[in-house]
1. Specify which residue in the list I11, T106, G70 is farthest towards the positive end of the charge dipole of the chain, using unit charges on the beta carbon of Lys, Arg (+1) and Asp, Glu (-1), about the Cα centre.
2. Within straight cross-link reach of K44, meaning Cα distance under 17 Å, which lysines are found once same-chain residues fewer than 8 apart are removed?
3. Sort R169, R50, R133 by heavy-atom solvent-accessible area, probe 1.4 angstrom, most to least.
4. Would you mind getting me the FRET efficiency between K66 and Y88? Use the beta-carbon distance for r and R0 = 35 Å, nearest 0.05.
5. Any idea how far apart I55 and K18 come out in nm if each label point goes 7 Å out from Cα toward Cβ?
6. If I model the chain as equal point scatterers sitting on the Cα atoms and use the Debye formula, what is log10 I(q)/I(0) at q = 0.14 Å⁻¹?
7. May I have the pair-distance distribution P(r) for the range 93-178, computed from all Cα-Cα distances with 5 Å bins from 0 and rounded to whole percent?
8. Which ³J(HN,Hα) values in Hz, rounded to whole numbers, follow from the phi angles of the range 52-58 under the Karplus curve 6.51 cos²θ - 1.76 cosθ + 1.60, where θ = phi - 60° and Gly and Pro get x?
Amino acid sequence: LVQATIKTPKIETVKNIKQKSSTSTKVKLTWDKVDSASLYAIYKFNSNTRQYEKITNCKKNTYVMKSDSGTTTKIKVHALKKVGSKYYYSAPSDIFAAVTGPKAPTLKVSVWGDKATFKWSEVEGATHYVLYRVQGDKLKKIATEAAEDTDFKLSIDDMDKGSYTYKIRPIRKVGNVK
C-alpha cells in the first residue's frame, strides 16, 4: 500500500464585485483584490445552455464586459493561483448581476402656441425617462416620466426668447442599480 498526500494551495474567494460604470453596450466591473491571485477567470451565465461559461482571464481586479443594451448578465469570478505550470482555482464568487444601460431614444420637439411637446422613441428595458434642458455644461432636470409615457408637454410662456437644447435619458433600474 502506497499513500500520497497532495496539497493544493488555498486561494481566497473573490468578494465585493461591483459595477463601477456602464453604457448601453459595456459594463465595468471591479472586485476586491485577492493577494495570492495570479489571474482572475470571468464567467457569464449562458441562458441557452443554462451553464456558466468562461469568457476571459484578466490580470487585474477589474474587467470591462461587452453586452447588448438593456440586458442583465449574471457573472461570477474565480481567483487563480499559478504554482509551477498549473493554475489552481478559488471557489466561485457570489453571482453578480451586471446591467447595461438602455439604447438612446430619438427626441422630437414641436411647438404650438405656448406649449412645447416632446416626443421620444420607446426604449426596450427602460423603467422611466428623464427630460433635461442643457444649460451651459450642466443639465437641468425638467421632468421624469414613466416608461409607458413617451411624450411630455411643457409651457413655454415663462421662458426667455431664444434657442434651447433638450436631452432625454432612458433609465433602466434593476434593484438599486441605475
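1. Result: I11.
2. Result set, ordered by chain and number: K15, K18, K26, K28, K54, K66, K74, K76.
3. I get R50, R169, R133, largest accessible area first.
4. It comes to 0.80.
5. 2.0 nm
6. Listed by q, the Debye log ratios stand at -0.83.
7. 3, 13, 22, 21, 16, 10, 7, 4, 2, 1, 1, 0
8. 7, 10, 5, 9, 5, 10, 9
The values are calculated or read from the model by the stated rules, or taken from the named source; none is laboratory data. These numbers come from a predicted model, not from an experiment. Don't worry about glycine lacking a Cβ; one is built from the backbone with ideal geometry, like all the others, and counts go over all protein chains shown. Note: areas computed on protein heavy atoms with side chains; ligands, DNA, RNA excluded. Shrake-Rupley method; radii C 1.70, N 1.55, O 1.52, S 1.80 Å.
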